[in-house]
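Worksheet for the structure shown next.
The values are calculated or read from the model by the stated rules, or taken from the named source; none is laboratory data. None of the values given here were measured: they were computed from a predicted structure. Using ideal geometry, Cβ is built from the backbone for each residue, glycine included, and neighbour counts are taken over all protein chains shown. Surface areas here come from the heavy atoms of the whole protein model, side chains and all, with no ligands, DNA or RNA. Shrake-Rupley method; radii C 1.70, N 1.55, O 1.52, S 1.80 Å.
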Amino acid sequence: MAVSDHVDLPTFMEGVKKRNPHQPEFVQAVQEVAEDIFEFIQDNEDYHAQQILRRIAEPDRVVSFRVCWEDDNGNVRVQRGWRVQNNNAIGPYKGGIRFHPSVTESVLKFLAFEQTFKNALTGLPMGGGKGGSNFNPKGKSVREIMRFCQSFMTELYRHIGADIDVPAGDIGVGGREIGFMFGQYKRITNNFTGVLTGKGLEWGGSLIRTEATGYGAVYFLANMLATRGEDLTGKTAVISGSGNVATHAAEKIVQLGGKVLTLSDSGGYIHDPDGIDQEKIDWVKTHKTHRRGRIEEYVAAYPKATFVAGKTPWSVPCDVALPCATQNELLGDDARTLIANGCQAVAEGANMPTDLEGVHVFKAARILYAPGKASNAGGVAVSGLEMSQNSERRSWKEDELQQMLKDIMAGIHKSCLTFGDQGGGYIDYVKGANIAGFKKVADAMLAFGVV
Ligand code: GLU
């Protein structure tokens, strides 16, 4: 007879904190999920007796390794690299690689944990993982970035594979870095296989992968607004970030008739009261990606805009908000300001951009609030479609993929309704996403027994 251990939420979280000292981001991500599904688990003796949540919150493995490389001046540089393989109950580990000085084991563990639920929500067979390094690509030459990527892959290659673990991009890792890493993988293994996603179109990449995260977040937002009989026409949007996710979210908002007021980077935000239209979005894309410029320079190109240094854009009044930069960029006070200014809906393009206090504020205000694991799943969903195309050795057409992305986002929205409808017209999307994602992974884990 299994003896189930019916601990309460605070006791469970005490254990998580004790086992993961100095890992605040990871503890935060587990807490956000545990708050929602503890009740659900209490009523499901099997999940409880089999310690499913406790097991999902303990990564299958964390690989940590040294990455040595030489800079352009011939200095030897040493960085730390990781791959966190959180859970592969429903498919090979899947999740991006992040290169940023803020990367720690805690950050990658939180991201791999979130990814497990997000990937389950897409309905595609993908487990959860994440990797990266504290390497800072800012200010590095292309040759330096190439040498770093090659060195990183020289260790990583032994832990990944098309049916084992399939990394992709994330902050600091785009098509160029995926190219360097794929080139090195192929060179070492002599194997041309779908081991990474976000590849170039000539070498196994998928159409619309680049656009998918931002577009998907706006599709999700449109689905949420539709539950209240509304759409994006004429709505003002505040967006943070100016990378791949933010610029494509902005593009889709504009296509659906909305007006984008802000974009940002780590230096501050720009506010353009005339709206950031497609031509301006194209300028930002070129400026940030090809010229590696700062968002501050937008005001020189478009003088009606203003730049606010060192601040996030949440004080600009808007109908909808899309945090598309990074974790914990929208705090409790920001959430209160957004609501006081009449914001009706928030869709997260980044991973865990809202801190726990902010999540509680949005929930208490009963606004339309989508957590990243639901609303930003479009990126990894199209990565899943890239894996399918690689296995099939063919490429699907753009309109087929566009439709699949829309259908997947609508499917995730529906799953959130199944478990998050609180009655009285309020849908708790955080609860819905957490329970739907958990249930799929949990049921697979039950089938495998105690492993
Ligand atoms: N880094 C993205 C995410 O946070 C994409 C991961 C992938 O495509 O595997 O979901």
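Compute the normalised compactness of region 240-279: alpha-carbon radius of gyration over 2.2 N^0.38 Å, N being the residue count.
So the Cα radius of gyration is 1.08 times the expected 2.2 N^0.38 Å.
If you build the convex hull over the alpha carbons only and average its shadow over all orientations, what do you get for region 168-272? Give it in nm² to one decimal.
Values: hull surface 32.7 nm².
Taking a quarter of the hull surface, the average projection is 8.2 nm².
Using only the Cα atoms of the chain, each taken as one equal point scatterer with no solvent, compute I(q) by the Debye sum, divide by I(0), and report log10 of the ratio at q = 0.06, 0.07, 0.08, 0.11 Å⁻¹.
-0.24, -0.32, -0.43, -0.84
Of all accessible surface on region 73-169 at a 1.4 Å probe, what whole percent is carbon and sulfur? Let's see the in-between values first.
Details: 1400 of 3050 Å².
So the carbon and sulfur contribution to the accessible surface is 46 percent.
Counting only heavy atoms of the protein chains, get the accessible area per residue of the chain (1.4 Å probe) and round it to a whole Å² value. Numbers along the way, then the final one.
On the way: 17950 Å² over 451 residues.
Per residue, the chain has 40 Å² of solvent-accessible surface.
Per residue, what volume in Å³ does the convex hull of the Cα atoms of region 204-319 enclose?
On the way: hull volume 12.1 nm³, N = 116.
Output value, Cα hull per residue: 104 Å³.
Hey, got the dipole for the chain? About the Cα centre, +1 on K and R Cβ, -1 on D and E Cβ, debye to the nearest 20?
On the way: 49 positive and 53 negative charges, 260 e Å.
The calculated dipole for the chain is roughly 1240 debye.
Subtract the Cα-Cα distance of ARG228 and ARG292 from 0.36 nm times their separation in residues, and report this length gain in nm to one decimal.
Details: separation 64, 0.36 × 64 = 23.04 nm, distance 4.03 nm.
Value of the extension gain: 19.0 nm.
Using only alpha carbon positions, build the gyration tensor of region 1-128, then give the equivalent ellipsoid semi-axes as the square roots of 5 times its eigenvalues, largest first, whole angstrom.
Largest first, region 1-128 gives 33, 17, 12 Å.
Starting from 0 in steps of 5 Å, tell me what percent of the Cα-Cα pairs of region 119-161 lands in each bin.
5, 17, 21, 17, 14, 13, 10, 4
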